[in-house]
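Here's the structure we're looking at; comments come further down.
The values are calculated or read from the model by the stated rules, or taken from the named source; none is laboratory data. Computed from a prediction, not measured in an experiment: that's the story for all the values here. Neighbour counts run over all protein chains shown; Cβ positions are idealised from the backbone, glycine included.
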Amino acid sequence: MWEKILVLVWVSSALAEQLCQPDAVEGYRVRLSIKRALGLQAYAWNDDEMFLFRATLAFAMRNHLSDQDFQVSNIIVCDETPRVTFWFVVTSPLNASVLVDKADVEQAVRKSRHRINSAFLLSDQTLEFMGIEPTLAVPVEPEIPPWLIAFGVVTGTVCTGLILVMVSALIQNTCKTKKKFDEDEEQNDDVWKTAESIPTYDGVYNMSFSDEERFTQM
Ligand SMILES: *[C@@H]1O[C@H](CO)[C@@H](O)[C@H](O)[C@H]1NC(C)=O
């Protein structure tokens, strides 16, 4: 029984080795620069990290080929180097001895590139899938820096103050003009009143009559 299991494990690992090789036709090489990306906060690359990588890749494959249930075991890794580089291939969930097409792996990686990067706190430059162009996904909008917020607040306050001053000046001006206009109007009214109170002799003075008088005199 145990012998059988051992043989099975050996066969499957031998098969995996056969499937995943450097420069494999359906394989991709990955290069990570954790130190460069994270400096003092860099984490050590170990088996757990590699498990996370395989799980993330399985997720990316499921995300792309949603009709197939990819498992961590479908992501086969080989030729790992300490300054972290490795090769990987993806086997089909339907038949473990068949590799998934390279184009499908590429599309899956591109589609989930941001999620893969975030899982390892890395970027397109520090987590490289060699031969796969960096993501075409919409870049995440950068957070607004605090100095810009402070600048905005100050500018806003100054602008509001200026507008208030201008508006109040305008209102005062309008009031003054209106008052002056009213005063002028009152004065005009007075003029009219005096004009009315002056008796008009125009109506009394009759030109034709005076002319007649002049003619009669002649
Ligand atoms: C898996 O694929 C291999 C190679 O194409 C083939 O020989 C084998 O019969 C397939 N196995 C199943 C269960 O379909």
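Scan region 118-125 and give yes if some residue there is more than 16 Å from the ligand (Cβ to nearest atom), part of a helix (DSSP H, G or I), modelled with pLDDT of 90 or more and under 20 Å from the mean Cα position of the chain (by Cα), otherwise no.
First, the residues of region 118-125 that are more than 16 Å from the ligand (Cβ to nearest atom): 118-125.
With part of a helix (DSSP H, G or I) added as a condition, the list becomes 118-119.
Imposing the further condition that a residue be modelled with pLDDT of 90 or more reduces the set to 118-119.
Next, only the ones that are under 20 Å from the mean Cα position of the chain (by Cα) stay: 118.
Among the residues of region 118-125, at least one is more than 16 Å from the ligand (Cβ to nearest atom), part of a helix (DSSP H, G or I), modelled with pLDDT of 90 or more and under 20 Å from the mean Cα position of the chain (by Cα), which makes the answer yes.
Of all residues in region 76-117, how many are in a loop (DSSP other than H, G, I, E, B) and of a type in the set (D, E, K, R)?
As a first pass, look at region 76-117 and keep what is in a loop (DSSP other than H, G, I, E, B): 82-84, 92-98, 100-101, 112.
In the following step, the residues that additionally are of a type in the set (D, E, K, R) were identified as 83, 101.
Of the residues in that region, 2 qualify.
Test Leu38 against the stated conditions and say whether it is out of contact with any Gly (no Cβ under 6 Å at 6 or more places or on another chain), assigned to a helix (DSSP H, G or I), among the aliphatic types (A, V, I, L, M) and buried (at least 16 other Cβ atoms within 10 Å of the Cβ).
Working: out of contact with any Gly (no Cβ under 6 Å at 6 or more places or on another chain): yes; assigned to a helix (DSSP H, G or I): yes; among the aliphatic types (A, V, I, L, M): yes; buried (at least 16 other Cβ atoms within 10 Å of the Cβ): no.
Here the answer is no, as Leu38 does not meet what is asked.
Any idea which residue in region 24-54 is farthest from Val109 (Cα to Cα), counting only those that are without any contact (Cβ under 8 Å) to a residue 12 or more places away in the chain and among the charged types (D, E, K, R)?
That would be Lys35.
Any residue in region 131-139 that is surrounded by 11 or more Cβ atoms within 10 Å (Cβ to Cβ), among the β-branched types (Val, Ile, Thr) and modelled with pLDDT under 90?
yes
List pairs: first residue in region 95-106 and near the ligand (Cβ under 8 Å from one of its atoms), second residue part of a loop (DSSP other than H, G, I, E, B) anywhere in the structure, Cβ distance under 6 angstrom, at least six positions apart or on different chains.
Hits for this filter: Val98/Ser92.
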